[in-house]
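Since every read-out is calculated from the coordinates, none of them should be taken as a lab result. Keep in mind it's a predicted model, so treat the numbers as computed, not measured. We place every Cβ from the backbone using ideal geometry, glycine too, and count neighbours over all the protein chains shown.
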Amino acid sequence: MRFLLIISALFLVCGQVQAKGDPAAGKIKAYTCTGCHGIAGYNNVYPTYKVPKIGGQNYEYLVIALKEYRDGNRDHGTMELQAQTLSDQDMEDIAAYFASLGKDD
Amino acid sequence: MLNHSKMNVLIGLLILALMPATGFSRGDPATGEKKAATCEACHGKTGMSIDPNYPILAGQHESYLIKALADYRSGARENAIMASFAAQLSNQDIEDLAAWFASQEGLEDLSIK
């Protein structure tokens, strides 16, 4: 009984502490992203609007956005296809990389 | 041969045809700031969001913010919270809000080679 309690307590703790991705790994995995998000003022076409800035964006939001694209809950042809190629770990690493940019300069 | 006034009409029509047919005019940041009171609770006064689950809007591209709000309003982008707020906005409101948040210090425009 005590053993079970300790195990369930551990699960609760683990569930609450969400490990963030690794920005260094994310930098390598983000190579494709920079083709659009790494060019200042780059335009999306049909319809035309500027590709959103993600440098310094919130880590949690970036992970949520990628998962929405992957799961088909947010429409954007290119982003859906890109997100479908990513694992959860990839998304966390990429999000950690972009969130880290422009914070301390 | 075309006379002068016919020529002017033709040039006028040409200019009209070249204008983007978006239905949006230019937003005013100062008006947007006044309209942004509702946004503040989650996205912060200048768009630096308080809850990390919500995006930072400060410094985001104006045209992207317009697209996002228009998509929430039309239902193209689904989010229960944003849908109810966006439903109340006119095109001018969206333009003004986008102009306000875009003019604030925040997100970085990256140049990665």
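According to the square roots a ≥ b ≥ c of the eigenvalues of the Cα gyration tensor, what is the shape class of the stretch B:30-102, taking rounded for a/c under 1.5, prolate for a/b larger than b/c otherwise, and oblate for the remainder?
Taking the square roots of the gyration eigenvalues as a ≥ b ≥ c, the stretch B:30-102 is rounded.
Mind checking B:48-60 for the average number of partner chain beta-carbons within 10 Å of each residue's beta-carbon?
4
Nearest 0.05, what FRET efficiency do residue B:111 and residue B:11 give at R0 = 35 Å with Cβ-Cβ as r?
On the way: r = 39 Å, r/R0 = 1.12.
The calculated FRET efficiency here is 0.35.
Excluding same-chain residues fewer than 8 positions from residue A:50, which aspartates and glutamates have a Cα within less than 19 Å of its Cα?
Filter leaves A:75, A:80, B:28, B:62, B:71, B:95, B:96, B:105, B:108, B:109.
Can you pull out the GluC sites (Glu not before Pro) in the stretch B:24-113 that DSSP calls coil and that have at most 11 other Cβ atoms within 10 Å?
Answer in residue order: B:105.
In nm, to one decimal, how far is the modelled label at residue A:31 from the one at residue A:89, with both set 7 Å along Cα→Cβ?
In this crude spin-label approximation the distance works out to 1.8 nm.
Would you mind putting A:35-41, B:64-70 in packing order, based on average other-beta-carbon counts within 10 Å, highest first?
B:64-70, A:35-41
Among the aspartates and glutamates, select those whose C-alpha is under 12 Å from the C-alpha of residue A:27, and discard any that sit fewer than 8 residues away in the same chain.
Filter leaves A:90, A:92, A:93.
Rounded if a/c is under 1.5, else prolate if a/b beats b/c, else oblate: with a ≥ b ≥ c from the C-alpha gyration tensor eigenvalues square-rooted, which is the stretch A:21-100?
oblate
Sorted by average packing, counted as other Cβ atoms within 10 angstrom per residue and highest first, what order do B:82-91, A:60-69 take? Don't jump to the answer; show the numbers that get you there.
Working: B:82-91: 14.3, A:60-69: 20.0.
My ranking of the peptides, most packed first, is A:60-69, B:82-91.
So which lysines can residue B:35 reach, going by Cα to Cα under 16 Å and dropping same-chain residues fewer than 8 places off?
Correct list for residue B:35: B:45.
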